[in-house]
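Contents: one structure, followed by commentary.
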Amino acid sequence: MAKVDPNKYSKNANIKAEGIVSVLFAVVRMSLMLVGIFGITFQIFGAEGWLSKLLGEVFDSTTHLMLTVVGLLLLWLLNRWLSSPTKAETRSLGDIPMYAMMAVGAYYVYQLYSTGSF
């Protein structure tokens, strides 16, 4: 019979909690990303948003429809390039979208602070 360890979590005894500064930086990063996502969503789906303008342009001619297909293919290739080959592996290249969204969030926070609206 296999010997059962009475405390199955004893392997985690040496793990220390993160410091308060690390937690605060994580909260700031997450907040910037959420503001960026909200700001982009507001710009896309607003009354005079990017989606209505884009759809008006795309269905204007056949050339625009073909460029849309090419653009979607390029986005798919970019996703393949940024994604990790397996779930166990992590690549720092995949952090680029996170930092980009944080920059967008910082822009919208500045715009909200300076003008009072998105």
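As a summary of the residue check, ILE15 satisfies the conditions (1) more than 20 Å from the chain's Cα centre (by Cα); (2) open to solvent by less than 100 Å² (accessible area, probe 1.4 Å) except for the one numbered (2).
Within the stretch 10-34, residues that are in contact (Cβ under 8 Å) with a residue 12 or more places away in the chain and of a type outside the set (D, E, K, R) have Cβ atoms under 6 Å from residues that are open to solvent by less than 100 Å² (accessible area, probe 1.4 Å) and part of a helix (DSSP H, G or I) in these pairs: LEU32/MET102; LEU32/GLY105; LEU32/ALA106; MET33/MET101; MET33/MET102; MET33/GLY105, counting only partners at least 6 apart in sequence or on another chain.
The set of residues in the stretch 48-59 being open to solvent by less than 100 Å² (accessible area, probe 1.4 Å) and either outside any helix (DSSP H, G or I) or under 22 Å from TYR108 (Cα atoms) (or both) consists of GLY49, LEU51, SER52, LEU54. Evaluate the following for ALA88: is it open to solvent by less than 100 Å² (accessible area, probe 1.4 Å) and modelled with pLDDT of 85 or more? No, not satisfied. If you go through the stretch 94-114 and keep only what is open to solvent by 50 Å² or more (accessible area, probe 1.4 Å), free of Cβ contacts under 8 Å to residues at least 40 places away in the same chain and not hydrophobic (A, V, I, L, M, F, W, C), you end up with ASP95, PRO97, TYR99, TYR110, TYR113, SER114.
Would you check if SER114 is part of a helix (DSSP H, G or I) and either at pLDDT below 90 or of a type in the set (D, E, K, R) (or both)? No. For the stretch 35-47, residues that are open to solvent by 100 Å² or more (accessible area, probe 1.4 Å) and closer than 18 Å to TYR107 by Cα total 2. Residues that are closer than 18 Å to TYR107 by Cβ, outside any helix (DSSP H, G or I) and out of contact with any Gly (no Cβ under 8 Å at 6 or more places or on another chain) do not occur anywhere in the stretch 15-24. Within the stretch 29-51, identify whether any single residue is among the small types (Gly, Ala, Ser) and over 22 Å from ALA103 (Cβ atoms), and answer yes or no. Yes. Scanning the stretch 102-118 for residues that are in contact with a helix residue (DSSP H, G or I) (Cβ under 9 Å, 6 or more places away or on another chain) and of a type in the set (S, T, N, Q) yields GLN111, SER117. Restricting the stretch 70-80 to residues that are open to solvent by 90 Å² or more (accessible area, probe 1.4 Å) and among the hydrophobic types (A, V, I, L, M, F, W, C), the residue that is nearest to VAL109 (Cα to Cα) is LEU75.
The values are calculated or read from the model by the stated rules, or taken from the named source; none is laboratory data. Here the structure is a predicted model, which means the values were calculated and not measured. Here Cβ is always computed from backbone atoms with ideal geometry, including for glycine, and neighbour counts include all displayed protein chains. Each accessible area value is taken on the protein alone, full model and side chains, heavy atoms only, with ligands, DNA and RNA left out. Shrake-Rupley method; radii C 1.70, N 1.55, O 1.52, S 1.80 Å.
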